[in-house]
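Participant: I have a structure here, written as structure tokens, and I will follow up with some questions on it.
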Amino acid sequence: MSDASLPRTERVDFRATSDPALQEGADRGEVNLLSYRELYWLWERQHWAVQDLDFTQDRIDWHERIGAEERVARMGGLSAFFVGEQRVEAELGPLMRAVPDEDARIFLSTQIADEARHVVFFDRFYSEVGVLESDELSSRLEETAAHLNDDFTRLFDEMLKSRADRIAAVPDDLETTVEFVTLYHMVIEGMLALTGQHFITDFNEAAGTLPGFVDGFTKVARDEHRHVAFGARFLREMTQRDPRYGVAIQRTLTEVLPIAEGVLRPKWVPDDVGDDEMLFGATLNQTRAFAAQALQRRLKVIGLLAAA
């Protein structure tokens, strides 16, 4: 079987990231995490350009194959990514100063570039496909933010931003740095983003819609797996350095997971839709189970959950 015919999470380029969520061995705590420098080299090998994507068919699909009601629901799902990428790109800078390792800082500079590229990807898709009426990036972000729920705002604009502001003011506050990486890499990227990317891409592939978007979104997901691999490496090192950092991870998860649960139920989902009802190829319970398994595998490799 050729690599191209495999499910994307089984492809060599995805597994090369060493994200524990993609490795069954993580259930036994048996993942060899890449070093920060190895993750940097991988970033060079996996580079891609938004301008190379072709959205010609996507525009046709959006306006001629996808109905108005379905477009609203799809926009609700995509909005969390468009706005979320912009939020995290804006908040990553302080982390570069706070991590106590030069190779880690070098890798984080690539992640900032990745997040900016992801914003440009969504902006180009929204613009060229004609998803929104606004004619510039700031206006499109404002227009699409109307599709987000209160839990999204609390997670990004309160919980994440407050920690970014803290480490910007006190870069040697390693407990807050650990909290930031837990919230950002483990929850926002590792649970919410990668779960949404998995099911949205699956649905579009099955429906045969938005091929340019699927191409770019798959590359975005591969970037995110690389980022999460960094987060797993960093948090494992910190818990091995001092048990109090493990406590900080658990404390952060206790605080943010109920909010993340709310984000996993998008604003566009009607109140009378049950958690076992099928929506765009998956139930809400399936998305939650997928996100939970990914987090559990990463926590086992970090050393905070017992391996099977």
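The values are calculated or read from the model by the stated rules, or taken from the named source; none is laboratory data. Predicted, not measured: the structure shown is a model, and the values here were computed from it. Cβ atoms come from the backbone with ideal geometry, glycine included; neighbour counts cover every protein chain shown.
Participant: Which residue, of 289, 294, is hydrophobic (A, V, I, L, M, F, W, C), crowded, with 22+ Cβ neighbours inside 10 Å, at pLDDT 85 or above and in a helix (DSSP H, G or I)?
Facilitator: 294
Participant: Of the residues in the stretch 117-144, how many are of a type outside the set (A, V, I, L, M) and touching a residue at least 12 places away in the same chain (Cβ under 8 Å)? Spell out the reasoning first.
Facilitator: Narrowing the stretch 117-144 to residues of a type outside the set (A, V, I, L, M): 117-118, 121-128, 130, 133-136, 138-140, 142-144.
Within this subset, residues satisfying the condition of being touching a residue at least 12 places away in the same chain (Cβ under 8 Å) are 117-118, 121-128, 130, 140, 144.
Count: 13.
Participant: Take the stretch 14-44 and flag every residue that is in contact (Cβ under 8 Å) with a residue 24 or more places away in the chain, part of a helix (DSSP H, G or I), surrounded by fewer than 16 Cβ atoms within 10 Å (Cβ to Cβ) and out of contact with any Asp or Glu (no Cβ under 7 Å at 6 or more places or on another chain).
Facilitator: Matches in the stretch 14-44: 28 only.
Participant: Test each condition in (1) under 30 Å from residue 12 (Cβ atoms); (2) in a loop (DSSP other than H, G, I, E, B) for residue 274 and report the one that comes out false.
Facilitator: (1)
Participant: Report, by residue number, each residue of the stretch 231-286 that is over 20 Å from the mean Cα position of the chain (by Cα), of a type in the set (Val, Ile, Thr) and at pLDDT below 85.
Facilitator: Within the stretch 231-286, 269, 273 meet the criteria.
Participant: Moving on. Consider only pairs whose beta carbons are under 6 Å apart and that are at least six residues apart or on different chains; among these, list those whose first residue lies in the stretch 203-227 and is over 14 Å from residue 7 (Cα atoms) and whose second residue is outside any helix (DSSP H, G or I) and among the hydroxyl-bearing types (Ser, Thr, Tyr).
Facilitator: Listed pairs, sorted by first residue: 225/17; 226/17.
Participant: Sticking with this structure for a sec: So which pairs qualify, if the first residue must be in the stretch 62-81 and more than 18 Å from residue 151 (Cβ to Cβ), the second must be surrounded by fewer than 20 Cβ atoms within 10 Å (Cβ to Cβ) and hydroxyl-bearing (Ser, Thr, Tyr), the Cβ gap must be under 7 Å, and the two must be at least 6 apart or on different chains?
Facilitator: Note: pairs meeting the criteria are 65/209; 66/209.
Participant: So, one more: Among the residues of the stretch 83-101, count how many are crowded, with 18+ Cβ neighbours inside 10 Å and either under 14 Å from the mean Cα position of the chain (by Cα) or outside any helix (DSSP H, G or I) (or both). Full working, then the answer.
Facilitator: As a first pass, look at the stretch 83-101 and keep what is crowded, with 18+ Cβ neighbours inside 10 Å: 83-89, 91-92, 94-95, 98-99.
Cutting the leftovers down to either under 14 Å from the mean Cα position of the chain (by Cα) or outside any helix (DSSP H, G or I) (or both) gives us 83-89, 92, 99.
Going through the stretch 83-101 one residue at a time, the tally reaches 9.
Participant: Check the stretch 52-69 and report whether any residue there is modelled with pLDDT of 85 or more, in contact with an Asp or Glu (Cβ under 9 Å, 6 or more places away or on another chain) and of a type in the set (Phe, Trp, Tyr).
Facilitator: Yes, the stretch 52-69 contains a residue that is modelled with pLDDT of 85 or more, in contact with an Asp or Glu (Cβ under 9 Å, 6 or more places away or on another chain) and of a type in the set (Phe, Trp, Tyr).
So that you can scan it fast, the table gives a plain yes or no per residue for (1) of a type outside the set (A, V, I, L, M, F, W, C); (2) assigned to a helix (DSSP H, G or I):
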site: 165; (1), (2): yes, yes
site: 184; (1), (2): yes, yes
site: 196; (1), (2): yes, yes
site: 200; (1), (2): no, yes
site: 209; (1), (2): yes, no
site: 217; (1), (2): no, yes
site: 223; (1), (2): yes, yes
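Participant: Same structure, new question: Name every residue in the stretch 90-116 that is of a type in the set (Val, Ile, Thr) and in contact (Cβ under 8 Å) with a residue 60 or more places away in the chain, in order of residue number.
Facilitator: 99, 106, 110
Participant: Next up: Among the numbered conditions (1) of a type outside the set (A, V, I, L, M, F, W, C); (2) touching a helix residue (DSSP H, G or I) at 6+ places or on another chain (Cβ under 6 Å); (3) part of a helix (DSSP H, G or I), tell me where residue 171 comes up short.
Facilitator: Here residue 171 clears every test but (3).
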